[in-house]
Amino acid sequence: MSLDQATRDRIAGLVASNRVVLFMKGHRGQPQCGFSARVVGMLDDLLDEYETVDVLSDPEVREGVKVFSSWPTIPQLYVEGEFIGGCDIVTEMYESGELHEKLGVPKPEWKVPSITVTDDAAKALREAAGGRELHLKIDARFQTQLFLAPAGENDVAVESNGVTLYLDRSSCQRADGLTIRVQQTANGPAFQVDNPNAPNPVKQMTPAELKQRMDAGEKLHLFDVRTPAERAQASIPGARLVDADVAAEIERLDKDAMLVFHCHHGGRSQAAAEHFRERGFRNVWNLTGGIDAWSREVDPSVPRY
């Protein structure tokens with residue numbers, strides 16, 4: 001694919017005019033893919049200010065930046081005019097501390113987390129590992145994975161009850177105080193991970209409950225994560241459309257503020273709610289069924305589409 005000069009100049013201008021710029025799907029406050037969300041999480045951990053460019057809203061830039069950087073995927077990170085890489089490279093640099101140096105922020109002192117493996121879990125893990133290296137990974141949503149793989153040079157080894165677990169640097173920050181035990185399920189014994197660092201899950205709110213809370217004057221913040229075109233067709237009174245400025249306002253709210261997100265049917269708003277949950281907000285809700293359910297169950301005057 002060739003890159004026309006006008007698009008090349010636009011991309012070059014964005015790279016030159018911003019010390020740190022991330023070409024991503026969605027924007028900082030509302031990533032639209034897991035890879036973009038992962039890089040945003042790392043940058044948010046290190047920087048207060050940086051620019052994001054939503055390639056979903058600009059197809060020319062979406063395809064053009066791939067040619068501009070000779071890199072086939074999104075997201076793409078630039079720092080001081082230099083192309084850094086995509087999600088995997090940025091993750092590796094973050095975990096090694098190289099990204100901190102590139103951004104001019106102090107390298108963290110990685111803390112080795114305290115992990116408890118109960119006796120029954122230790123026996124089961126040793127049998128499953130069979131002498132191989134056992135990894136514990138905790139992603140930004142605090143979803144936990146146990147798997148076997150060779151240890152990487154930046155992995156941290158944690159010993160508990162005769163079991164060695166290898167964690168990447170990001171997982172270390174989320175693992176302190178974690179307990180691994182065995183629980184009995186309908187399908188037999190399974191590992192259970194109790195993590196005191198995990199934030200409260202996103203809760204579901206029905207349209208009827210939202211209407212009741214609004215009528216009662218309960219303090220809540222209602223956000224619409226659809227497109228402006230969708231909002232022009234139908235809207236819930238009091239809901240604010242989330243753009244980059246509104247997302248920045250949300251970040252400044254008290255972490256205990258009640259945040260309620262809605263979209264058309266509830267999928268996009270669930271992703272947005274999860275994003276802000278990961279940012280430390282403790283009272284986050286998703287409107288079940290979205291504005292379509294609101295129209296059917298609460299206010300038929302709101303057009304369906």
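The values are calculated or read from the model by the stated rules, or taken from the named source; none is laboratory data. Because the structure is predicted, anything quoted here is derived from the model rather than measured. Methodologically, a virtual Cβ is constructed for each residue, glycine included, from the backbone with ideal geometry; neighbour enumeration extends over all protein chains shown.
Being crowded, with 17+ Cβ neighbours inside 10 Å and assigned to a helix (DSSP H, G or I): is that true of ARG231 here? Let's see the steps before the verdict.
Numbers: crowded, with 17+ Cβ neighbours inside 10 Å: no; assigned to a helix (DSSP H, G or I): yes.
It is false that ARG231 is crowded, with 17+ Cβ neighbours inside 10 Å and assigned to a helix (DSSP H, G or I).
Does any residue of the stretch 116-133 turn out to be crowded, with 16+ Cβ neighbours inside 10 Å and either under 21 Å from CYS33 (Cβ atoms) or under 25 Å from the mean Cα position of the chain (by Cα) (or both)?
The answer is no, given that none of the residues of the stretch 116-133 is crowded, with 16+ Cβ neighbours inside 10 Å and either under 21 Å from CYS33 (Cβ atoms) or under 25 Å from the mean Cα position of the chain (by Cα) (or both).
Out of (1) buried (at least 19 other Cβ atoms within 10 Å of the Cβ); (2) in the same structural domain as ARG19 (by TED's automatic domain parsing); (3) hydrophobic (A, V, I, L, M, F, W, C), the odd one out for PHE83 is which?
Condition not satisfied by PHE83: (1).
Kindly state which helices (runs of 4 or more DSSP H) lie completely within the stretch 32-118 and contain at least 2 residues that are in contact (Cβ under 8 Å) with a residue 60 or more places away in the chain. If you could, list the steps in order and put the result at the bottom.
Details: elements: 34-46, 59-69, 87-96, 98-103.
Per the criteria, 34-46, 59-69, 87-96.
Only residues in the stretch 197-215 that are under 15 Å from GLY280 (Cα atoms) count as the first member; pair them with residues that are surrounded by 14 or more Cβ atoms within 10 Å (Cβ to Cβ) and modelled with pLDDT of 95 or more, Cβ under 6 angstrom, at least 6 apart or cross-chain, and list the lot.
Filtered contacts from the stretch 197-215: VAL202/VAL284; VAL202/ASN286; LYS203/TRP285.
Pull up the stretch 259-278, narrow it to residues that are in contact with a strand residue (DSSP E or B) (Cβ under 8 Å, 6 or more places away or on another chain) and over 12 Å from VAL202 (Cβ atoms), then point me to the one that is surrounded by the fewest Cβ atoms within 10 Å (Cβ to Cβ).
CYS263
Test each condition in (1) part of a strand (DSSP E or B); (2) of a type outside the set (Phe, Trp, Tyr); (3) surrounded by 15 or more Cβ atoms within 10 Å (Cβ to Cβ) for ALA140 and report the one that comes out false.
Answer for ALA140: the failing condition is (1).
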